[in-house]
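Input: a single structure, listed below in structure tokens.
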Amino acid sequence: MKHSGKAIEKADVLIVDDVEANRVILGEIVGAMGYSVILAEDGAQALALMQKDLPKLVLTDISMPVMDGYELCRVLKTNVETRNIPVIFISAFDEPKDIIKGFNMGGEDYITKPFLPELVQARVKVHLRLYEAAREVKEANRRLQASISEQVRQLEQERKNVLYALVGVAAENSWHENGYVDRMKYNCRILIQSMQFSPLFERQISESFAEAVEFAAPLCDIGNVGIFQEILRKPTALDEEEKVMMQNHTKIGAKLLEDLKVTSDYNDFIQVSIDIARFHHENWDGSGYPEGRRGDEIPLAAQIVSVVSIFCALTEERSYRARYNREEAIGIMRRDAERRFNPDIFNIFCKIARQLR
């Protein structure tokens, strides 16, 4: 048997009693079962010892100086690190009200003095087994949750890979250049980071939102997978019927993404992606499509991507025109900015234009 006034490693049972004889006797009884024991004279000393080593079970007297057993139990049960440690009261008080008070404080059991060694050993064995069983269940749940979380993470990454593959197809059909996806992500990240430093947007843009917009931005035109290539690659202006068909890419993309809503974490990314796909062609003055939303009726993520996507399109080469350089593209966007863009976002965009690709 191991027992002393100092904490020992991996103590099984903490015995708290202000009477030395009681501590020694209880230590001998519990130690004879093969468990390690740690001794304390009162509740305050017990808490100090538990700072170094958490026991699996506490046997405590009730009537003690400095801190009695009831208060010790209350403190243990309100601390997240100790609340699951079972507490057994051992006391000369055998009135029902005293026993009930012990249970109301969170105690698991109550043994009255003078105590029988066999009874003490039986109760100790039961509660240590329950404690170990509870810990095993908790650890099993932790491992299961970790396994599930990893599987969900892998599944979500696979879905994102599929989406980016579709984006690649849509981009190729639309004659976007090879670096289109990376440019969209990079330019959105630069713009969002700058917006986070602005008092106009700092409360609206969390880190998780910023990350979601960055990775969802290239999905804005994913609906192009459902548009005829002849329309996407037409070198001349579209007629009215073709324009209507082309505008449907916003609805097609949003519907495709809505069908992927599964888990809560993934849904945050998907919802931002849906907002971007459906509304990135809405204009600040309400003249855009598909719903004619205006101002802040347009989701913030779509407002951001609207600016970046037009810049990326203007600075790419087309079959019917050469690419515009950065300054030319900004100039073209500025002429139409009041109608198309959130003015606060566009002002920030212009200030960081030199950092864009």
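Descriptive notes on the structure:
- Filtering E214, E202, E230 for residues that are in a helix (DSSP H, G or I) and either farther than 24 Å from Q271 by Cβ or open to solvent by 30 Å² or more (accessible area, probe 1.4 Å) (or both) leaves a single hit, E230.
- Filter result for D98 (surrounded by fewer than 19 Cβ atoms within 10 Å (Cβ to Cβ) and part of a helix (DSSP H, G or I)): yes
- Qualifying residue in region 13-32 (condition: exposed (fewer than 15 other Cβ atoms within 10 Å of the Cβ) and either within 19 Å of E132 (Cβ to Cβ) or at pLDDT below 90 (or both)): no
- Those residues of region 101-144 which are exposed (fewer than 11 other Cβ atoms within 10 Å of the Cβ) and small (G, A, S), in sequence order: A133, A140
- For region 217-227, filtered to residues that are closer than 19 Å to E282 by Cβ and of a type outside the set (A, V, I, L, M), the residue that is most open to solvent (accessible area, probe 1.4 Å) is D221.
- Hey, L59 open to solvent by 10 Å² or more (accessible area, probe 1.4 Å), under 29 Å from E139 (Cα atoms) and modelled with pLDDT of 90 or more or not: no
- Candidate set from region 336-353 (those that are more than 15 Å from A302 (Cβ to Cβ) and outside any helix (DSSP H, G or I)); member that is modelled with the highest pLDDT: I352
- Exactly one residue out of Y324, Y320, Y289 is aromatic (F, W, Y), under 38 Å from the mean Cα position of the chain (by Cα) and either more than 19 Å from C188 (Cα to Cα) or buried (at least 16 other Cβ atoms within 10 Å of the Cβ) (or both), and it is Y289.
Quick grid of which residues meet (1) in contact with a Ser or Thr (Cβ under 8 Å, 6 or more places away or on another chain); (2) of a type in the set (F, W, Y):
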position	(1), (2)
D275	no, no
H280	yes, no
Y289	yes, yes
G292	no, no
L300	no, no
V305	no, no
A313	no, no
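- The set of residues in region 307-326 that are part of a helix (DSSP H, G or I), in contact with a helix residue (DSSP H, G or I) (Cβ under 8 Å, 6 or more places away or on another chain) and without any contact (Cβ under 8 Å) to a residue 24 or more places away in the chain contains only L314.
The values are calculated or read from the model by the stated rules, or taken from the named source; none is laboratory data. Source: prediction; values computed, not measured. Cβ: placed from backbone, ideal geometry, glycine included. Neighbour counts: every protein chain shown. Only protein heavy atoms, including side chains, enter the accessible area calculation; ligands, DNA and RNA are left aside. Shrake-Rupley method; radii C 1.70, N 1.55, O 1.52, S 1.80 Å.
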